[in-house]
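Report on the structure given below.
The values are calculated or read from the model by the stated rules, or taken from the named source; none is laboratory data. Everything quoted here is computed from the prediction, not taken from an experiment. Because the Cβ atoms are built from the backbone with ideal geometry, glycine has one as well, and the counts that use them run over all protein chains shown.
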Amino acid sequence: MDKIRIVGGNRLDGIIPISGAKNAALPLIIASLLTDERLTLENVPRLRDVSLLNRILSNHGVDYSLNGKRPGEDHLTGQTIHLTAREIVDTCAPYDLVSQMRASFWVIGPLLARCGEARVSLPGGCAIGPRPVDLFIAGLEAMGAAIDIEAGYVVARAPGGLRGGRYTFPKVSVGATHVLMMAATLAKGETVIENAAREPEVADLARCLVAMGAKIEGAGTATIHVQGVPRLHGATHRVLPDRIETGTYAMAVAMTGGDVTLTHTSGDLLRNALDALAATGTSVADVAEGLRIVRDPASPIHPVDVVTEPYPGFPTDLQAQFMALMTRAAGVSRITETIFENRLMHVAELARLGARIDVDGRTARVTGVPRLVGAPVMATDLRASVSLVIAGLVAEGETTVSRVYHLDRGFERLEEKLSRCGAVIERISGEGMR
Ligand code: UD1
């Protein structure tokens, strides 16, 4: 298995291009199941989760192809994918595939809407908590689906097609909002989704569905109205920038000090997180190309408390990175995770680098320390692993992060983007290594 080796101490200066959002690309790829025509997605990040999802969809009958490189394209530019689900050949998503990526469970919405049936494996537990699927089931039932759990599978049937309904989420769920919105596009009549997730990725999926002929209003707000149509058609859609990648590099610059412009992105996608970053004493400026992040390495990092919340609150997917930054703050901060159980596993690894963090329930109390010292650490999940990289960038000496496959699921060419800005970071190929 590959490792990432970092020698801490350098400031970051330069330009980091931000990729298309992984969390938008995944539902957009799944939306290709809704039409027999071609869906073209531009600015798709080159990530393990994307290629895995393409392979999973090919089992349902989706043909996919990638554009080769075009003149003048930098290899950091996103890719263009063409997806065509001319005929759905299989409405079953088996355990060995769904268990590899939870988001592949989301095929249940489009398969049910288009074919009147779907048999999708329960995703199973994962490292950041049990992550149940009750909201998906209740929402699809509100649209007339009959749902049973059989031998580890969710079996959903709507032989006469789905019909519009009203569903109020008791708890905000990004994935269940994506699924209900996709399913509702082909249902008979109007569907109203209340207490919907307001994440920019939901709005991006809606933009693509509308380009495919869907009638959707209110995506990006708490109430979404979908007027069902008999069929959707092909379209071309450009994936929005990755706000989590944006926030991650912004926090890395705050950690090391320096002056970096994040291009192809927008501060409007993550205002809450940027406000928290600004409160740490980092300069955050919206510029024509994206965002400019500046911090004098000699100036102190102020402690700032954050609580994770559904959008537009502070994102859970930036919690670990912010905690890494707070390990070097001049004082005590409190970081509270409210979205997922068990999403503080990076605490033990950050402690290996010298961080002082006490966990009480869902809250981590971080006492800033003047120095971190490099050590071997292990990635536990996607966002946790990048928090270890951020800490490694300032830790004295060498930090090696193992289980890098977590990083490859969500961060495109991380080592290259950071080393171009002056970081000493490299991938060590896993040949003969454990
Ligand atoms: C998505 C993101 C993930 C992010 C999360 C929250 C993708 C591919 N992943 O995950 O990066 O961290 O949103 O912003 O976009 N829940 C239930 N029952 C359900 C569904 C969810 O109780 O049926 C709970 C979950 O366990 C969790 C909370 O709802 O505690 C929010 O989860 P959800 O928004 O659904 O997360 P994902 O869509 O899986």
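The residue pairs whose first member lies in the stretch 196-220 and is under 19 Å from SER32 (Cα atoms), whose second member is away from the ligand (no atom under 16 Å from the Cβ) and polar (S, T, N, Q), and whose beta carbons are closer than 7 Å, counting only pairs six or more residues apart or on different chains, are LEU209/THR185; MET212/THR35; ALA214/THR185; LYS215/GLN227.
Looking at the structure I just gave you, is ARG11 away from the ligand (no atom under 16 Å from the Cβ) and either at pLDDT below 95 or touching a helix residue (DSSP H, G or I) at 6+ places or on another chain (Cβ under 6 Å) (or both)? For ARG11, the condition - away from the ligand (no atom under 16 Å from the Cβ) and either at pLDDT below 95 or touching a helix residue (DSSP H, G or I) at 6+ places or on another chain (Cβ under 6 Å) (or both) - is met. Of all residues in the stretch 279-299, those satisfying the criterion of being in contact with a Leu (Cβ under 9 Å, 6 or more places away or on another chain) and small (Gly, Ala, Ser) are ALA285, GLY290. Consider the stretch 172-186 and keep the residues that are among the hydrophobic types (A, V, I, L, M, F, W, C) and within 16 Å of ALA142 (Cα to Cα). The one that is farthest from the ligand (Cβ to nearest atom) is LEU186. Of all the residues in the stretch 187-219, those that are out of contact with any Lys or Arg (no Cβ under 6 Å at 6 or more places or on another chain) and more than 14 Å from the ligand (Cβ to nearest atom) number 17.
Residues are listed down the side, and each one gets a yes or a no for (1) at pLDDT 95 or above; (2) among the polar types (S, T, N, Q):
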residue	(1), (2)
VAL62	yes, no
LEU66	no, no
HIS82	yes, no
ILE88	yes, no
VAL98	no, no
MET101	no, no
SER121	no, yes
ALA127	no, no
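Of the numbered criteria (1) closer than 15 Å to VAL307 by Cβ; (2) within 16 Å of the ligand (Cβ to nearest atom), the one THR363 fails is (2).
Screening the stretch 279-309 for residues that are among the small types (Gly, Ala, Ser) and surrounded by 16 or more Cβ atoms within 10 Å (Cβ to Cβ) and picking the one that is nearest to the chain's Cα centre (by Cα) gives GLY290.
Residues to consider are THR367, THR400; find the one that is at pLDDT 95 or above, polar (S, T, N, Q) and over 27 Å from LEU262 (Cβ atoms). Criteria check complete, one pass: THR367. Considering only the stretch 45-60, I want to know if a residue exists there that is under 29 Å from ALA391 (Cα atoms), away from the ligand (no atom under 16 Å from the Cβ) and assigned by TED's automatic domain parsing to the domain that holds PRO200. The answer is yes, given that some residue of the stretch 45-60 is under 29 Å from ALA391 (Cα atoms), away from the ligand (no atom under 16 Å from the Cβ) and assigned by TED's automatic domain parsing to the domain that holds PRO200.
Within the stretch 371-386, at least one residue is more than 16 Å from the ligand (Cβ to nearest atom), surrounded by 24 or more Cβ atoms within 10 Å (Cβ to Cβ) and either within 17 Å of GLY9 (Cα to Cα) or free of Cβ contacts under 8 Å to residues at least 60 places away in the same chain (or both).
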